[in-house]
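> Have a look at this one before I ask anything.
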Amino acid sequence: MMPLTFPTTLKTFIAYQEQLINRPLTETEREVTAAWLPIINEAEPESVQAVDELIAQHSSDEWITRFLTAVKAWMEVAIE
């Protein structure tokens, strides 16, 4: 697996994601990734807390909760 450091480019992040899931991202997944990557790249502890709040607000929707949990994990990696 290729190394990933933050901040990263959209092209690099998409390639890394595709490598992780072993398939190309769909167009919708690419659009969502493009929207969230700037937030991940600029992550700070306060922004992770904001995502925790979003997770709590959407706890009844499993897909949104899983997605936001993944975003939070990437934000934590970017902060390190």
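Coordinate-derived values only; no laboratory data. What you see is a predicted model, and the numbers here were worked out from it, not measured in a lab. All Cβ positions, glycine included, derive from the backbone under ideal geometry; neighbour counts span all protein chains shown.
> Give me the number: length gained by fully extending Leu20 to Ala50, i.e. 0.36 nm times residue separation minus the C-alpha to C-alpha distance, one decimal in nm.
On the way: separation 30, 0.36 × 30 = 10.80 nm, distance 2.59 nm.
Gain on stretching Leu20 to Ala50: 8.2 nm.
> Would you compute, from DSSP H runs of 4+ residues alone, the mean residue ellipticity of the chain at 222 nm, taking -39500 (n - 2.57) per run and dividing by the full residue count, rounded to the nearest 500? Please list the in-between numbers first.
Working: 4 runs with 58 residues, N = 80.
Rounded to the nearest 500, it is -23500 deg cm²/dmol.
> Which of (1) 44, 11, 9; (2) 23, 13, 11; (3) 21, 16, 10 is the computed semi-axes √(5λ) of the Cα gyration tensor in Å for the structure on display?
Among (1) 44, 11, 9; (2) 23, 13, 11; (3) 21, 16, 10, the one calculated here is (3).
> Name all residues of region 54-78 having a backbone nitrogen under 19 Å from the label point set 7 Å from the Cα of Leu10 along its Cα→Cβ direction, giving them as ranges.
71, 75
> Could you tell me how many degrees, from 0 to 90 and to the nearest 10, lie between the Cα long axis of helix 27-41 and the main elongation axis, the longest principal axis, of the Cα atoms of the chain?
For helix 27-41, the angle is close to 70 degrees.
> As a footprinting exposure proxy, order Ser60, Ser47 by other Cβ within 10 Å, with the fewest listed first. List each step's numbers first, then the result.
Details: Ser60 7, Ser47 17.
Going from least to most buried by this count: Ser60, Ser47.
> Something else now. Want the number for Val77 to Ser60: 0.36 nm per residue separation, take away the alpha-carbon distance, what's left?
Working: separation 17, 0.36 × 17 = 6.12 nm, distance 2.61 nm.
Using 0.36 nm per residue and subtracting the Cα-Cα distance, I get 3.5 nm.
> Using the Karplus curve 6.51 cos²θ - 1.76 cosθ + 1.60 with θ = phi - 60°, what ³J(HN,Hα) values do you get for each residue of region 55-61, in whole Hz, with x for Gly and Pro?
Per residue, the Karplus-derived 3J(HN,Hα) values read 4, 4, 5, 10, 4, 7, 10 Hz.
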